[in-house]
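K.L.:
My questions all concern the structure below.
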Amino acid sequence: MSIIIKNGQLLTNEGELQIAEIYIENGKIIEVGRSLQRAADEVIDAKGLLVAPGLIDLHVHLREPGGENKETIATGTLAAAKGGFTTVAAMPNTRPVPDSKEQMEKLHKRIEATGAVKVLPYASITIREAGKELTNFNELKEAGAFAFTDDGVGVQSADMMLQAMIKAAEADMAIVAHCEENTLIHKGAVHEGQFSKEHGINGIPSVCESVHIARDVLLAEAAGCHYHVCHISTRESVRVVRDAKRAGIKVTAEVTPHHLLLSEDDIPGMDTNYKMNPPLRGAADKAALIEGLLDGTIDFIATDHAPHTAEDKAEGMELAPFGIVGLETAFPLLYTNFVEKGMMTLKQLVDFLTVKPVESFGLAGGVITEGADADIVLIDLNQQEKINPETFLSKGRNTPFTDWECKGWPVLTMVNGKIAWSKGSVTA
């Protein structure tokens with residue numbers, strides 16, 4: 001099967017847009033050029049569209065196995081494709097947890113059978129994410145684990161985290177951390193700030209996150225381990241990561257679109273679509289996250305896509321589960337609110353969602369070049385529409401961005417040269 005994508009606009013290394021054609025054969029990019037003299041089985045006319053590498057999200061929750069009422073591998077990966085993502089990394093807080101070779105192998109079979117995009121499954125650091133006994137890192141690596149995390153739960157024991165980092169370093173794998181000191185949570189449901197005071201809700205202080213990161217970067221230095229910080233949210237955390245990088249510690253970090261776009265000041269009363277963990281922090285924290293992303297302290301953007309049922313989210317601010325969906329809205333939100341407003345370039349945004357996660361974890365992909373997998377997204381930068389949760393392909397509708405007017409919507413996503421999702425007819 002051969003395909004030509006013609007008339008598309010590709011970003012150059014200098015960040016300029018130029019018209020080019022891409023010839024694809026058997027799932028691989030064979031040639032990229034201005035006017036290719038090749039016949040193909042199928043021609044896709046991308047006139048007026050940005051042609052970019054498939055987006056990569058290294059922090060999603062697909063809920064399967066065990067939470068299929070909230071999301072499945074099939075629905076989550078189809079939502080990813082609609083959002084322009086061709087690779088996602090699935091967190092292990094499922095039931096059962098992928099904490100053994102057998103569970104990891106079962107998970108891979110399910111991904112292969114039902115996934116619409118590429119899925120990199122995390123394995124847990126500890127058995128059942130209970131924080132009491134380490135998993136077998138070597139066996140899980142052999143079974144296809146992407147990296148190790150107890151996401152959703154901070155590893156509370158410093159000794160256990162150190163031993164995990166030593167084993168991860170020996171296996172040449174990364175430790176990926178949800179950073180939260182349990183003794184400082186105080187049953188909090190939102191950030192400890194003005195909103196929590198006004199509404200009489202227990203708050204989660206910023207130090208709850210930053211103290212764990214400070215501990216872990218020193219443990220990572222001692223172990224010689226690649227340490228990655230999930231969904232960084234506070235200015236103190238940014239400072240700690242910046243200092244660690246200056247010290248030569250191998251630490252990387254991600255930030256979510258919602259923490260870049262919202263603060264506690266934006267929460268309109270007791271709306272649980274604004275409840276996530278880490279919570280929306282103060283305006284100064286949001287500013288520090290943007291600064292940290294632009295200066296390289298924070299390496300890339302990840303959605304922390306976390307679908308929940310409407311019934312779960314209806315339980316009220318103190319009892320409802322943490323989390324919002326993000327796969328189908330990430331690019332339009334970021335393009336509209338950062339690129340269109342001149343706060344970052346289009347190339348920076350695309351890099352934060354492609355090249356940067358690839359570089360951080362030593363992955364393949366993230367570029368359109370000869371010999372690479374044909375993982376490609378076509379995006380209409382001029383298309384403008386409101387975010388409507390009723391159109392989501394994810395089972396989750398839990399978003400704080402309903403009715404936000406956005407530009408820059410994906411119209412076609414291709415994985416290994418096959419169309420995983422398209423808005424309409426694509427053949428010229």
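K.L.:
Out of every Cα-Cα pair in segment 272-365, what percent are more than 16 Å apart?
P.N.:
For segment 272-365, the share of Cα pairs beyond 16 Å comes to 64 percent.
K.L.:
Here is a further query. Which entries in the list Lys187/Lys275; Lys82/Lys395; Lys141/Lys245; Lys275/Lys347; Lys6/Lys407 go over 21 Å, if you measure between the two C-alpha atoms of each?
P.N.:
With Cα atoms farther than 21 Å apart: Lys141/Lys245; Lys275/Lys347; Lys6/Lys407.
K.L.:
Sticking with this structure for a sec: What do you get when you divide the Cα radius of gyration of segment 100-139 by 2.2 N^0.38 Å, with N the number of residues?
P.N.:
1.31
K.L.:
Based on Cβ point charges of +1 for Lys and Arg and -1 for Asp and Glu, what charge dipole magnitude is obtained for segment 83-227 about its Cα centre, in debye rounded to the nearest 20?
P.N.:
That gives segment 83-227 a dipole magnitude of about 420 debye.
K.L.:
Residues with amide H under 5 Å of Val411's amide H, sequence separation 5 or more or different chain, H placed in the peptide plane at 1.01 Å from N; which?
P.N.:
Residues meeting the criterion, in which the H sits 1.01 Å from N, are Leu378, Ile379, Asp380.
K.L.:
Another question, if that's okay. Taking just the alpha carbons, could you work out the radius of gyration and Dmax for segment 297-428, both in angstroms?
P.N.:
Taking only Cα atoms of segment 297-428, I get Rg and Dmax of 16.4, 52 Å.
K.L.:
How long is the chain along each principal axis, judged by its Cα atoms, biggest number first, in Å?
P.N.:
The Cα atoms of the chain stretch 64, 47, 43 Å along their principal axes.
K.L.:
Moving to a separate point now. Mind checking segment 316-376 for GluC sites (Glu not before Pro) that DSSP puts in a loop (not H, G, I, E or B) and that have at most 13 other Cβ atoms within 10 Å?
P.N.:
Glu370
K.L.:
Using a Förster distance of 45 Å, how high is the FRET efficiency between Glu170 and Ala284, based on the Cβ-Cβ distance and rounded to 0.05?
P.N.:
Calculated transfer efficiency: 0.65.
K.L.:
Is any residue of segment 95-120 close enough, with backbone N under 19 Å, to a label point placed 7 angstrom from the Cα of Asn69 along the Cα-Cβ axis, and if so, which?
P.N.:
The answer is 95-97.
K.L.:
First measure r as the distance between the Cβ atoms of Asn7 and Gln348, then evaluate 1/(1 + (r/R0)^6) with R0 = 22 Å and state the FRET efficiency to the nearest 0.05.
P.N.:
The pair Asn7/Gln348 has a calculated efficiency of 0.35.
K.L.:
Which whole-Hz ³J(HN,Hα) couplings does segment 29-41 yield from phi under the Karplus relation 6.51 cos²θ - 1.76 cosθ + 1.60, θ = phi - 60°, glycine and proline marked x?
P.N.:
7, 9, 8, 10, x, 6, 8, 7, 9, 9, 8, 9, 5
K.L.:
Could you give the length gained on full extension between Glu385 and Glu139, defined as 0.36 nm per residue of separation minus the Cα-Cα distance, in nm?
P.N.:
Taking Glu385 through Glu139 to full extension adds about 83.9 nm, to one decimal.
K.L.:
Once the piece of chain linking Ile127 and Ala247 is laid out straight, how much longer is it, given 0.36 nm per residue of separation minus the C-alpha distance between them?
P.N.:
40.0 nm
K.L.:
With all protein chains present, how much of the accessible area of segment 213-366 (probe radius 1.4 Å) comes from carbon and sulfur, to the nearest whole percent?
P.N.:
50 percent
K.L.:
Whole number please: convex hull volume per residue of the Cα set in segment 1-84, in Å³?
P.N.:
131 Å³
K.L.:
Now for a separate question. For the chain, what does the accessible surface come to per residue with a 1.4 Å probe? Please give it in Å².
P.N.:
That works out to 39 Å² for each residue.
K.L.:
When the gyration tensor of segment 29-178 is built from Cα positions, what are the square roots of 5 times its three eigenvalues, in whole Å, from largest to smallest?
P.N.:
Result for segment 29-178: semi-axes of 35, 17, 14 Å.
K.L.:
Put a dot 7 Å past each Cα toward the Cβ at Thr309 and Ile185; how far apart are the dots in nm?
P.N.:
With each label placed 7 Å out from Cα toward Cβ, I get 2.2 nm.
K.L.:
What aspartates and glutamates sit close enough to Lys286 to cross-link, taking a C-alpha to C-alpha distance under 18 Å and skipping anything fewer than 8 places away on the same chain?
P.N.:
Glu192, Glu209, Glu236, Glu254, Glu264, Asp265, Asp266, Asp295, Asp299, Asp304
K.L.:
Let me ask another. Identify all lysines with a Cα-Cα distance to Lys132 below 16 Å; exclude those on the same chain that are fewer than 8 residues away in sequence.
P.N.:
Lys167
K.L.:
Also, I was wondering about something else. Quick one: Karplus J couplings for segment 389-401, per residue in order, coefficients 6.51, -1.76, 1.60, θ = phi - 60°, nearest Hz, x for Gly and Pro?
P.N.:
Result, rounded to whole Hz: x, 5, 8, 5, 8, 5, 5, x, 10, 7, 9, x, 9.
K.L.:
Largest first and in whole Å, give the semi-axes of segment 94-208's equivalent ellipsoid, each being the square root of 5 times a Cα gyration tensor eigenvalue.
P.N.:
Equivalent ellipsoid semi-axes, largest first: 31, 18, 11 Å.
K.L.:
Next up: At 222 nm, what value in deg cm²/dmol follows for the chain if DSSP H runs of at least 4 each add -39500 (n - 2.57) and the sum is divided by all its residues, to the nearest 500?
P.N.:
Here the helix-only value at 222 nm equals -8000 deg cm²/dmol.
K.L.:
Something else: Looking at Ile301, Val411, His231, which one has the Cα that reaches farthest to the positive end of the dipole of the chain (charges on Cβ: Lys, Arg +1; Asp, Glu -1)?
P.N.:
Among Ile301, Val411, His231, the one farthest towards the positive end of the dipole of the chain is Val411.
K.L.:
Quick check: pseudo-label points 7 Å beyond the Cα along Cα→Cβ at Gln18 and Met270, how many nm apart are they?
P.N.:
A separation of 5.9 nm, rounded to one decimal place.
K.L.:
Find the eigenvalues of the gyration tensor of the Cα atoms of segment 39-95, then list the square roots of 5 times those eigenvalues as equivalent ellipsoid semi-axes, largest first, in whole angstrom.
P.N.:
31, 12, 9
K.L.:
Further, regarding this structure: Pulled fully out, how much extra length does the chain show between Asn337 and Glu31, if you take 0.36 nm times their separation in residues and subtract their Cα-Cα distance?
P.N.:
Working it through step by step, the gained length comes to 106.8 nm.
K.L.:
Here is a follow-up. Over the Cα atoms of segment 154-269, compute the convex hull volume and normalise it per residue, giving Å³.
P.N.:
Taking only Cα atoms, segment 154-269 has a hull volume of 93 Å³ per residue.
The values are calculated or read from the model by the stated rules, or taken from the named source; none is laboratory data. Quick caveat, the model's predicted, so the values are computed rather than measured. Reconstructed Cβ throughout: ideal geometry from the backbone, glycine too, with neighbour counts over all protein chains shown. Surface areas here come from the heavy atoms of the whole protein model, side chains and all, with no ligands, DNA or RNA. Shrake-Rupley method; radii C 1.70, N 1.55, O 1.52, S 1.80 Å.
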